[in-house]
Structure formats: structure tokens, C-alpha cells
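First up is the structure itself, then whatever we jot down about it.
No value in this document is a laboratory result; all are computed from the given coordinates. Because the structure is predicted, anything quoted here is derived from the model rather than measured. Please note: Cβ atoms are built from the backbone with ideal geometry, for glycine as well, and neighbour counts cover all protein chains shown.
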Amino acid sequence: MFSIFSSKKLLASRLGEFTDIHNHILPGIDDGAKTPEDSLQLLSHFKELGITNLICTPHTMSDFHPNTPETITDAKKRLQEFLAEKSHNEFQIRASSEYMMDSAFTDLLEAKIILPLKDQFVLVEMSYLQPPVNLREILFKIGNAGFIPVLAHPERYAFYHSKYSTYTELKSICKFQLNALSITGYYGPGIAKTALKLLEDGMFDFLGTDTHHMRHIENLKKAKYSGKHEQALDRIINNTTATFS
């Protein structure tokens with residue numbers, strides 16, 4: 001794995017009682033867990049990290065994962081019933097979604113068919129290939145609808161890496177959520193570099209794992225960070241838990 005750290009500490013040591021606001025562990029409705037058994041496997045490893053409070057955020061995107069509040073809450077109910085059958089009552093499972101800012105999203109927004117993370121916070125994403133041509137308009141529409149947009153993993157949008165000033169502009173109209181594995185080089189050195197720059201500049205508000213499968217969990221368990229970033233990471237970890245517990 002890519003490494004840019006001289007003095008390293010385990011990220012897992014900072015995650016006890018952390019509230020994960022971005023994961024794909026609800027079974028059978030997107031590219032995350034396929035079955036309740038898969039979900040339980042992931043949750044068991046989350047528990048080892050000290051994480052038992054999760055807001056599940058399956059994708060809502062019109063072309064590939066056309067989820068609705070009904071499909072999401074049904075999947076949550078299915079998982080909760082399975083966990084109860086297996087006597088796993090230690091997990092607090094809530095349901096939201098990671099909304100792709102595609103053409104259908106504005107229709108959902110106008111109809112208020114939205115499952116927020118909590119209160120007014122709504123997790124949104126965009127294509128990794130290019131941003132929506134009307135991105136700023138969409139973000140303003142989210143605000144005008146009474147919600148607060150939380151942009152998922154801005155460090156992963158490579159088209160902004162050479163246009164860092166765009167991050168400053170976007171930060172004025174939305175919150176930023178860092179993927180925990182981004183700082184480790186899991187997604188590549190360019191993303192790690194940008195993630196650390198944004199972290200050092202105090203741009204991130206929240207942290208999420210974006211867990212889809214066991215590879216993410218396995219890498220999360222061994223993820224390390226530089227001691228010089230400890231204060232910045234603690235700030236967003238504490239802010240995430242305080243905001244979403």
C-alpha cells in the first residue's frame with residue numbers, strides 16, 4: 001500500500017464509539033452487502049473497531065440503484081430482524097442514502113422524497129468522471145429545500161485535484177465528508193495527497209468509512225496516519241459523533 005508517513009499511528013485506535021455516517025451495509029439494494037449474513041459479517045468487524053452506531057447510506061442513483069425511502073427502510077427492517085434473530089442487539093442501525101446528483105435527484109428534492117442522515121443533513125455524491133454541469137445550482141436547491149448538503153469524499157473527484165480553488169468555492173455551500181481510507185493511499189496516491197491537503201486546511205467536517213465489503217474493513221483495521229494529522233482527525237471524528245449520535 002502507498003505510504004507517505006514517517007511516524008504512523010493506527011486509525012482504528014481513534015474510532016471507538018465513532019458514528020459511521022457513510023457505509024453500504026444494508027443487504028441487497030446496492031453494490032454493498034448482498035445478504036443479511038454479509039451485513040452481519042461487516043458489523044462484527046465494525047464492533048471490533050468499537051463502532052456500533054451506524055447510519056447506512058445505500059446509493060440512490062437513477063441508472064443503477066433506483067432506491068426509494070421504501071426500499072431503504074425495508075432493507076433496514078430486514079437487517080434489524082435478522083440481527084434480532086441472531087441476538088445481536090448491540091447495534092444502532094439508522095437509514096439514509098448517498099444521493100447521486102443526477103437528473104432524477106432534483107425531482108426527489110422538489111418532492112421532498114429524501115432520507116436525510118439526520119435533521120437537515122443530506123449526503124450527496126457526483127460522478128468520478130465529471131461534475132454535473134449545474135452542480136452549484138443543485139447544491140443551492142438542496143439548501144433552498146431546507147437541507148444541508150454533505151458532499152461525500154470530495155478528495156476522490158480527481159478532476160478537482162488541479163483546481164484546488166474549486167474546493168474552497170464548494171466548501172462555502174456544502175459540508176465535506178472524508179473517506180477514512182483516502183488518507184492511507186487505498187484509492188491511490190493522488191487522492192491521498194488531496195485528502196491530506198484538505199485535512200490540513202481544515203476543510204473536512206465529517207468522517208465516514210464508505211464500507212462496501214470486507215476489503216474495506218480489512219484495510220480500515222490496518223490504516224495508519226501521521227501523528228501530525230492527529231488533531232485534525234480528532235476534530236472531524238468528534239464532530240461526526242457529536243452531530244450524528
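Express in nm, to one decimal, how much length is gained between Phe82 and Asp119 on full extension, taking 0.36 nm for each residue of separation and deducting their alpha carbon distance. Display every interim value, and only then the final one.
Working: separation 37, 0.36 × 37 = 13.32 nm, distance 2.72 nm.
Using 0.36 nm per residue and subtracting the Cα-Cα distance, I get 10.6 nm.
When the alpha carbon gyration tensor of region 114-173 is reduced to an equivalent ellipsoid, its three semi-axes come out at 21, 12, 11 angstrom, largest first. Our compactness index for the chain, the C-alpha radius of gyration over the empirical 2.2 N^0.38 Å, is 0.96.
Rounded to the nearest whole Hz, the Karplus-based 3J(HN,Hα) values (6.51 cos²θ - 1.76 cosθ + 1.60, θ = phi - 60°) of region 229-245 follow the sequence 9, 4, 5, 5, 5, 4, 4, 6, 5, 5, 5, 4, 5, 5, 6, 10, 5, with x at glycine and proline. Which FRET efficiency value, to the nearest 0.05, do you get for Lys8 and Gln41 by plugging their Cβ-Cβ distance into 1/(1 + (r/R0)^6) with R0 = 30 Å? Efficiency, rounded to the nearest 0.05: 0.65.
Using Cβ contacts closer than 10 Å as the measure, can you line up Ser182, Ser103 from fewest to most? Present the calculation step by step, with values, prior to reporting the outcome.
Numbers: Ser182 26, Ser103 11.
Least crowded to most crowded, the residues run Ser103, Ser182.
A protection proxy built from the mean count of other Cβ atoms within 10 Å ranks the segments 193-199, 234-240, 96-102, 173-179, most packed first, as 96-102, 173-179, 193-199, 234-240. Applying the criteria of a DSSP loop state and at most 15 other Cβ atoms within 10 Å to the chymotrypsin sites (Phe, Trp or Tyr not before Pro) of region 1-92 yields Phe2, Phe64. Here the label points at Gln92 and Ser226, each 7 Å from Cα along the C-beta direction, are separated by 3.4 nm in the simple model.
For region 1-99, what is the number of Lys pairs with C-alpha distance below 16 angstrom, counting only pairs 8 or more positions apart or on separate chains? Write down the numbers at each step before the final one.
Working: Lys34/Lys76; Lys34/Lys77; Lys47/Lys86; Lys76/Lys86; Lys77/Lys86.
Step by step, the pairs that qualify in region 1-99 add up to 5.
Taking amide H positions as modeled 1.01 Å from N, with prolines and chain starts lacking one, the residues under 5 Å from Thr19 and 5 or more places away or on another chain are Thr241. 3J(HN,Hα) along region 56-65, derived from phi through the Karplus expression 6.51 cos²θ - 1.76 cosθ + 1.60 where θ = phi - 60°, amounts to 7, 10, x, 5, 10, 9, 4, 7, 10, 9 Hz, with x in place of Gly and Pro. Look at the dipole of region 62-158 built from charges on Cβ: of Ala111, Ala84, Val124, the Cα furthest out on the positive end belongs to Ala84. Geometric descriptor of region 9-115, per residue, is 104 Å³ (volume of the convex hull of the Cα atoms). Here the gap between Asp201 and Asn144, fully extended at 0.36 nm per residue and compared with their Cα-Cα distance, gives a gain of 17.7 nm.
Relative protection proxy for 149-161, 19-31, from highest mean packing down: 19-31, 149-161 (other beta-carbon atoms within 10 angstrom). Based on C-alpha pairs under 8 angstrom that are at least 6 apart in sequence, the chain has a relative contact order of 25 percent. Counting lysine pairs in region 98-197 that sit 8 or more residues apart in sequence, or on different chains, and whose Cα atoms lie under 18 Å apart gives 9.
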